[in-house]
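The values are calculated or read from the model by the stated rules, or taken from the named source; none is laboratory data. Computed from a predicted model, the values in this text were never measured in an experiment. FYI the Cβ positions are ideal-geometry reconstructions off the backbone, even for glycines, and counts take in every protein chain you see.
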Amino acid sequence: MKTRTMYLLTMLALSLGAIEPTSADSQTTLSAALEQALPSLASAQDYWSASKISLQLANERNRLNDTQAACEALAKSLDYYRMALAKETNTPRSEFGTGLGDDEGMREIRARFGCPGVTAYTTSVRLG
């Protein structure tokens, strides 16, 4: 992992550790901190970490009962995951599909978040 990426993840961990996760305000702050970390990870092409952070953001938004934002973060997480796979395997990203997927596993995950069907959410994640 690159030094910059490690630095960003350390900063994120320290800032998340300073947040009291029991109040609604702190959960909103946590969501904001997670969202702020994403552009740096994506620009560093650390798509695995960006996918994990996006999934954490989806979970936080789900806890705040913001279903649409949770589903958007979930879709972004899946896009970053596909980008990481494409980068790691040197395979065109289009080979890994688009949207929230329609296999059994993704249907179950969408149901947990209250997300609608396969094509309801698109993201603006760009290839690096």
With respect to residue 67, determine if the residue is modelled with pLDDT of 90 or more, within 18 Å of the chain's Cα centre (by Cα), among the polar types (S, T, N, Q) and surrounded by fewer than 16 Cβ atoms within 10 Å (Cβ to Cβ). yes
Inside segment 55-72, can you point out the residues that are in contact (Cβ under 8 Å) with a residue 24 or more places away in the chain and closer than 19 Å to residue 107 by Cβ? 58, 62, 67, 70, 71, 72
In this structure, is residue 91 surrounded by fewer than 17 Cβ atoms within 10 Å (Cβ to Cβ), at pLDDT 90 or above and in contact with a Leu (Cβ under 8 Å, 6 or more places away or on another chain)? yes
